Amino acid sequence: MRSLFAGALALTTSAGAFAVATDAIGAGQAAAQEATSGVISRIRVDGNQRIEARTVQSYMLVEPGDAFDPERIDLSLKTLFATGLFADVLIERESNDLVVRVIENPIINRVIFEGNDAVGEERLLEETEAEPRSIFTQARVQQDVQRILEVYRRSGRFAASVNPQYKPLAQNRVDLIFEISEGPTTGVRSINFLGNEEFSDRRLRSEVVTRQSRWWRFFESNDNYDPDRLEFDRELLRQFYTNEGYADFRVTSSVAELTPDQEDFYITFTIDEGVKYDYGEVKVETALEKLSSDALTRILPIRQGTLYRSDQIETAIDAITFAAGSAGYASVDVRPRVETNPETRTVDITFVVDEGPRVYIERIDITGNTQTLDRVIRREIRIAEGDAFNRILLDQSRNRIRSLGFFKEVEITEAPGSTADRTVVNVNVEETATGELAFSAGFSSADAFLFSLSASQRNLRGRGQFLSARIQTTSRQQDLEFRFTEPRFQDRNLAAGVDLYATQADFLDEAGFENQSLGAGLRLNFPIGERTSLGLNYRLRQDDVQVSNPEVNCGIDTDGDGIGDSIDVDGDGIGDGDGDGIGDEPIFFRSSLCDQLGVQLTSAVGYSLSRDRRNDPITPTRGYRATFSQEVAGAGGDVNYLRNEFRGSFYRGILPGWTASASLDAGFIEGWNGDNVRVNNRFFKGGNSFRGFDVAGLGPREVITTVLTEDANNDGVLTPVLDENGEQIVNITSGNALGGKAYAIGALELSFPVPYAPEEFGIGGALFSEFGTVGLLDDVDRNRSANTEFQSFRVDDSASLRASVGVSIFWDSPFGPIRFDFSEVLAKEDYDRTESFRFSTNTQF
């Protein structure tokens, strides 16, 4: 009975629950039907301050007249959130109105960085997306935090932290503040290698970019740990080994471990060197009609049996591409097939050459030029939009852009165009300082100290114009100079320039004269070939040559024999040759400079012809450059001469970083119409133009020979002093340098990287040898002499060979490039003036 009663009760309860549930479902369906029934009469926007209601309504997927569709209303909600304009959105129904309630994201007023000492604000602004007048969202701020941390990570500061804050302002604006705790720099304590047998750890460390932290590396950041740089180092190791014949080389792992003090990293590369390979069979398969396989094989830098070097494959591809371009093929496809033979340890290479599809240049984009105008770069490009793509012309364009001297790096790449037969050429440049503030100093064995200061701008207003306004002073010369050059005069391939200058040169110690010049000049230069140019010039110059104390040093020469006559300066009837008031002095030597005193006007016109076949205008490794110039004076003015000069240099790369060069400078000047060559128009060499010799230190010179005397018997009678062999002791004193009408100076130089010098120091070296001569005076200047009992005066114009050798050290210092020259003279005359050390430097802005 009890069980029956319980079952009845359960059945009754279940029936009641079912009835309640049925009623609830019915009520819910009724409510849902009521919520979705009806038509939207209007859409109302609440809470918007800056954004117009119509803008909010435009993102809605429903509009007045539509039914209240929950799915479309929910999708509208998501769309509004996706715009990033709103911090919160709520859509509600009020009667037949659809109400959109929004809270707008604020606008960023300022972006402020606090605590950033190691990384500049400009660098951080480049990396972050937040900027004034942009929308503030938490998601974007967090993305910027990660970018800032990445910048510090690349700088070796892994402990850096960034705390973003914002300060609310009126009109729904905020100041975004990044509070940065930079933390210490995480350096690289050591770089180790496992598995290397052929090369030492020291040798491999020199091949990777990452450097061990040392106290002297305060100018670089490569001694900070950077995982991205570590990946690049793996590739550099692969390139190094494959260029040494190890075709199977691989880096099995690269591990960075934090030191126990948490300040530095230990970096360990585990490598598998493999074995050395030689080149096996090398051949070319080509379908080009104008170039045979044999012809292309002969130009390859790869020979069977030589050591395998992976970079030679790229060089071979470039050689084939260049040959095809020279033969008229605008585009070729070169595919190397490489087969490694472990049994014979050889690598067979087959270059498959096909004429590529003709591709045309869609456009040329120039980037990186923050100062230089696009048209300055574009006019150096040898190819234009619409032309057929040509790699040879692009390489020439790169060299022409680099030769401007405005850019540190120039890179030309291609990108796909809008269609398969179109390409986009990207010219990316990295500008360098074109303004130059330069000074130089030198020390000579004759105690001569030189200092000069000049300023110039090679890229005025980004237009490629050259302007030099120089005030220069040395112990010998003061210059006031203005030079201006327009490289594209009247938008033509014609360079025009104007020069204005005033110079006061004091060569009393070297050549016995000083000269004041005031002049102006005009210049034109234009190409007459791809590598050849012609320059025209005109100069108008006034010179005033003077000597010190001309009344005393020059005296009177009545018979024209170059020997000064006695002068009676005190009116007692007794000649006084040197003007000291003591009568009847002996004759004295009268310099040829005395015949050139006074003011003369020079009007000269000339030309120069230049040819440049160097492969690189900045650091050439092959090719040559030669210039020949002539100048004729006599188109008006008081001076008549013909000047000829030649300058040439040849370059040849021997090993990577090692370049041999040879140069020859020669010149000759001759008067005409009965004129002799004045001293200020002659050639003076030495200093930077002939290392080992002082400025005007070699060449024709007035020489004084003096016999050493004594009063042996104290009777007032002088007698010569004799050496142990019974020979008179003679002192030879060098007098004024006279310059020469001709000179020829050759130089041989071998530049090389300094071994064991840290690469970041930018130190290089060169061995040099210079040899040549200066001489060939006019007869009236050469045939002068005078003699007394114990003294003789003469002009030495032997034009004998001079030579010197030495070493130069180049340092790319933080203050600008510096050069040190250490010289040893091998051949000279007794009266030449030499120097053993010279240095020069400049700094740019």
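Counting only residues that are within 22 Å of G84 (Cβ to Cβ) and at pLDDT 85 or above, give me the strands (runs of 3 or more DSSP E) lying completely in the range 107-210 with at least 3 of them.
Passing ranges, in order: 107-114, 161-169, 173-181.
Counting just the residues of the range 155-198 that are more than 18 Å from F113 (Cα to Cα) and small (G, A, S), which one comes out farthest from the chain's Cα centre (by Cα)?
A170
Could you grab me the full set of residues in the range 166-189 that are in contact with a Phe, Trp or Tyr (Cβ under 8 Å, 6 or more places away or on another chain), open to solvent by 20 Å² or more (accessible area, probe 1.4 Å) and of a type outside the set (D, E, K, R)?
Y166, I177, G183
Residue by residue, here is whether (1) closer than 30 Å to V703 by Cβ; (2) free of Cβ contacts under 8 Å to residues at least 60 places away in the same chain; (3) hydroxyl-bearing (S, T, Y) holds:
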site	(1), (2), (3)
A747	yes, no, no
P753	no, no, no
G775	yes, no, no
N783	yes, no, no
V795	yes, no, no
R802	yes, no, no
I809	no, yes, no
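Take the residues in the range 55-101 that are hydrophobic (A, V, I, L, M, F, W, C) and either in a helix (DSSP H, G or I) or touching a His at 6+ places or on another chain (Cβ under 8 Å) (or both), then tell me which one is surrounded by the most Cβ atoms within 10 Å (Cβ to Cβ).
V56
State which residue pairs qualify: first residue under 15 Å from P700 (Cα atoms) and inside the range 725-737, second residue surrounded by 12 or more Cβ atoms within 10 Å (Cβ to Cβ) and among the small types (G, A, S) in any location, beta carbons under 6 Å apart, and separation of 6 or more residues or different chains.
Pairs found: N736/A511; N736/G512; A737/A511; A737/A696.
Is it the case that some residue within the range 787-798 is open to solvent by less than 30 Å² (accessible area, probe 1.4 Å), of a type in the set (A, V, I, L, M, F, W, C) and over 30 Å from T719 (Cα atoms)?
Checking the range 787-798: not a single residue is open to solvent by less than 30 Å² (accessible area, probe 1.4 Å), of a type in the set (A, V, I, L, M, F, W, C) and over 30 Å from T719 (Cα atoms).
Going by the conditions given, is D228 open to solvent by 50 Å² or more (accessible area, probe 1.4 Å), of a type outside the set (S, T, N, Q), in contact with a Lys or Arg (Cβ under 9 Å, 6 or more places away or on another chain) and closer than 25 Å to F193 by Cβ?
Taking the combined requirement at face value, the residue satisfies it.
Working only within the range 394-424, note down all residues that are under 16 Å from E362 (Cβ atoms), aliphatic (A, V, I, L, M) and within 23 Å of the chain's Cα centre (by Cα).
Correct list: L394, I412.
Kindly check whether there is at least one residue in the range 387-407 that is on the phi < 0 side of the Ramachandran plot, assigned to a strand (DSSP E or B) and not small (G, A, S).
Within the range 387-407 (the criterion being on the phi < 0 side of the Ramachandran plot, assigned to a strand (DSSP E or B) and not small (G, A, S)), the answer is yes, since at least one residue qualifies.
Under the condition of being within 13 Å of A247 (Cα to Cα) and assigned to a strand (DSSP E or B), which residue from the range 302-348 is nearest to the chain's Cα centre (by Cα)?
L307
Any residue in the range 769-781 that is more than 30 Å from F668 (Cβ to Cβ), open to solvent by less than 60 Å² (accessible area, probe 1.4 Å) and either in contact with a helix residue (DSSP H, G or I) (Cβ under 8 Å, 6 or more places away or on another chain) or not polar (S, T, N, Q) (or both)?
Looking through the range 769-781, none of the residues is more than 30 Å from F668 (Cβ to Cβ), open to solvent by less than 60 Å² (accessible area, probe 1.4 Å) and either in contact with a helix residue (DSSP H, G or I) (Cβ under 8 Å, 6 or more places away or on another chain) or not polar (S, T, N, Q) (or both).
I'd like the residue in the range 450-473 that is open to solvent by 30 Å² or more (accessible area, probe 1.4 Å) and not in a strand (DSSP E or B) and, out of all such residues, is modelled with the highest pLDDT.
R463
Got a sec? Which of T315, T321, T306 is among the hydroxyl-bearing types (S, T, Y) and touching an Asp or Glu at 6+ places or on another chain (Cβ under 8 Å)?
T306
Quickly run through the range 242-260 and pick out the residues that are free of Cβ contacts under 8 Å to residues at least 24 places away in the same chain and part of a loop (DSSP other than H, G, I, E, B).
P260
Consider only pairs whose beta carbons are under 8 Å apart and that are at least six residues apart or on different chains; among these, list those whose first residue lies in the range 192-210 and is within 22 Å of Y225 (Cβ to Cβ) and polar (S, T, N, Q) and whose second residue is open to solvent by 60 Å² or more (accessible area, probe 1.4 Å) and outside any strand (DSSP E or B).
Every condition considered, the pairs that remain are S206/E759.
Looking at the range 376-398, which of the residues that are among the aliphatic types (A, V, I, L, M) and closer than 24 Å to A287 by Cβ is least open to solvent (accessible area, probe 1.4 Å)?
L394
Hey, could you check the range 349-375 for residues that are part of a loop (DSSP other than H, G, I, E, B) and within 26 Å of D318 (Cα to Cα) and say which is most open to solvent (accessible area, probe 1.4 Å)?
The residue in question is R358.
Looking at the range 217-245 only, could you name the residues that are modelled with pLDDT under 80 and among the hydrophobic types (A, V, I, L, M, F, W, C)?
F218, F219
Restricting to the range 401-429, and then to whatever is buried (at least 17 other Cβ atoms within 10 Å of the Cβ) and within 20 Å of F526 (Cβ to Cβ), can you tell me which residue is modelled with the lowest pLDDT?
The residue in question is L404.
How many residues are in contact with a Phe, Trp or Tyr (Cβ under 7 Å, 6 or more places away or on another chain), in a loop (DSSP other than H, G, I, E, B) and not small (G, A, S) when one looks only at the range 691-717?
2
Would a scan of the range 665-672 turn up a residue that is farther than 16 Å from G746 by Cβ, surrounded by fewer than 16 Cβ atoms within 10 Å (Cβ to Cβ) and modelled with pLDDT of 90 or more?
Checked the range 665-672: at least one residue is farther than 16 Å from G746 by Cβ, surrounded by fewer than 16 Cβ atoms within 10 Å (Cβ to Cβ) and modelled with pLDDT of 90 or more.
Among the listed residues F839, F820, F793, identify the single one that is over 23 Å from A744 (Cα atoms), at pLDDT below 85, assigned to a strand (DSSP E or B) and under 35 Å from the mean Cα position of the chain (by Cα).
So the residue among F839, F820, F793 that is over 23 Å from A744 (Cα atoms), at pLDDT below 85, assigned to a strand (DSSP E or B) and under 35 Å from the mean Cα position of the chain (by Cα) is F839.
Please find, within the range 586-612, the residue that is least open to solvent (accessible area, probe 1.4 Å) out of those that are modelled with pLDDT under 90 and farther than 30 Å from T706 by Cα.
Ranking the candidates gives G598 first.
Please specify each residue of the range 320-348 satisfying the condition of being of a type outside the set (A, V, I, L, M) and open to solvent by 70 Å² or more (accessible area, probe 1.4 Å).
Those that are of a type outside the set (A, V, I, L, M) and open to solvent by 70 Å² or more (accessible area, probe 1.4 Å): F322, S326, R335, R337, E339, P342, E343, T344, R345.
State the number of residues belonging to the range 254-273 that are open to solvent by less than 40 Å² (accessible area, probe 1.4 Å) and under 29 Å from P342 (Cβ atoms).
5
Can you tell me which residue in the range 721-749 is nearest to V677 (Cα to Cα), limited to those that are surrounded by fewer than 16 Cβ atoms within 10 Å (Cβ to Cβ) and in contact with a Leu (Cβ under 8 Å, 6 or more places away or on another chain)?
Checked the range 721-749; the qualifying residue nearest to V677 (Cα to Cα) is G746.
The values are calculated or read from the model by the stated rules, or taken from the named source; none is laboratory data. Please read these numbers as outputs of a predicted model, since none were measured by experiment. Note that we place each Cβ from the backbone using ideal geometry, even for glycine, and neighbour counts take in every protein chain shown. For accessibility, only protein heavy atoms count, side chains too; no ligands or nucleic acids. Shrake-Rupley method; radii C 1.70, N 1.55, O 1.52, S 1.80 Å.
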